[in-house]
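Engineer: Shown below is the structure under consideration.
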Amino acid sequence: MPLFCFPHAGGAASYFHPWSASLAPGIEVLAVQYPGRENRAAEPCVTNIPDLADQIHAALGSSLSGTFAFFGHSMGAILAFEVARRIAREEGRGPAHLFVSGRAAPPRRYDRELHRAGNSALIAELRSQGGTDPRILQDSEVLELILPVMRGDYTASETYRFEPGSPLSCDVTAMIGDRDSLITVEDAAAWSAHTTGAFNLKVYPGGHFYLDDCRARVLEVISSSLAGTAGSAY
């Protein structure tokens, strides 16, 4: 089964490369690459969630002809959710399972306005949340490349406004680190309101990037959740 993975703000498709071998052969990891990074570095960032979700939905196209699942972390959770909503509206179906990680369920949000802050504030944010090699944060040339991407993604993430609509029908699993400074367990549990399917909440030790230390446990949940669904119709 294809598992489409949506990276966090500032993240890239390569973040999910280590997942491929662990989930093979039953699950094929396919990571979304946003404009402005890695092999799409020459393209301008998309600085709002609706437009980026529209582009991703269009790009996935025929890849969604069978059964599939979505995983998104932080900003990626909102994008995975919004793409799933677009598929449901236009095609009357959706992913077999939606995994949302490290993000409060909409309309819950924090108005931190980091996208308007100076570079020093963005660097401090990257340092405090983890998920970025500390050596990168000390390399001025690399920072010059990644900070515009970070600012673009934070603009999209922080200006997102939820438009009420019909809930999804797929199963949803919300995941969170128990020391995440950005969201609470209650924020993650609120994802249950966005589906008529089964809902599960998983709390792991760690902060916003608990995924790095708890990868094996997270992948086991994904694998077990998707077992037996490849032949199902959604």
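The values are calculated or read from the model by the stated rules, or taken from the named source; none is laboratory data. Computed from a prediction, not measured in an experiment: that's the story for all the values here. Backbone-built Cβ (ideal geometry, glycine too); neighbour counts: all protein chains shown. SASA here: full protein model, heavy atoms, side chains in, ligands and nucleic acids out. Shrake-Rupley method; radii C 1.70, N 1.55, O 1.52, S 1.80 Å.
Engineer: Is at least one residue of segment 7-18 in a helix (DSSP H, G or I), open to solvent by 40 Å² or more (accessible area, probe 1.4 Å) and among the small types (Gly, Ala, Ser)?
Structural biologist: Yes, because at least one residue in segment 7-18 is in a helix (DSSP H, G or I), open to solvent by 40 Å² or more (accessible area, probe 1.4 Å) and among the small types (Gly, Ala, Ser).
Engineer: Give Gly131, Gly152 a once-over and let me know the one that is modelled with pLDDT of 90 or more and surrounded by 15 or more Cβ atoms within 10 Å (Cβ to Cβ).
Structural biologist: Gly152
Engineer: Here are Ser166, Ser181, Ser140: which of them is free of Cβ contacts under 8 Å to residues at least 24 places away in the same chain and either of a type in the set (S, T, N, Q) or surrounded by 20 or more Cβ atoms within 10 Å (Cβ to Cβ) (or both)?
Structural biologist: When all the criteria are applied, what remains is Ser140.
Engineer: Looking only at residues in segment 36-58 that are polar (S, T, N, Q) and not in a helix (DSSP H, G or I), which one is nearest to Arg93 (Cα to Cα)?
Structural biologist: Going through the qualifying residues, I end up with Asn48.
Engineer: I'm checking my understanding of the structure. Among residues of segment 23-38 that are open to solvent by 50 Å² or more (accessible area, probe 1.4 Å) and within 19 Å of the chain's Cα centre (by Cα), which one is modelled with the lowest pLDDT?
Structural biologist: Ranking the qualifying residues of segment 23-38, first place goes to Glu38.
Engineer: Give the residue, chosen from Gly61, Gly102, that is on the phi > 0 side of the Ramachandran plot, free of Cβ contacts under 8 Å to residues at least 24 places away in the same chain and out of contact with any Lys or Arg (no Cβ under 9 Å at 6 or more places or on another chain).
Structural biologist: So the residue among Gly61, Gly102 that is on the phi > 0 side of the Ramachandran plot, free of Cβ contacts under 8 Å to residues at least 24 places away in the same chain and out of contact with any Lys or Arg (no Cβ under 9 Å at 6 or more places or on another chain) is Gly61.
Engineer: Could you check how many residues of segment 59-86 are within 18 Å of Pro106 (Cα to Cα) and assigned to a helix (DSSP H, G or I)?
Structural biologist: Number of matching residues: 12.
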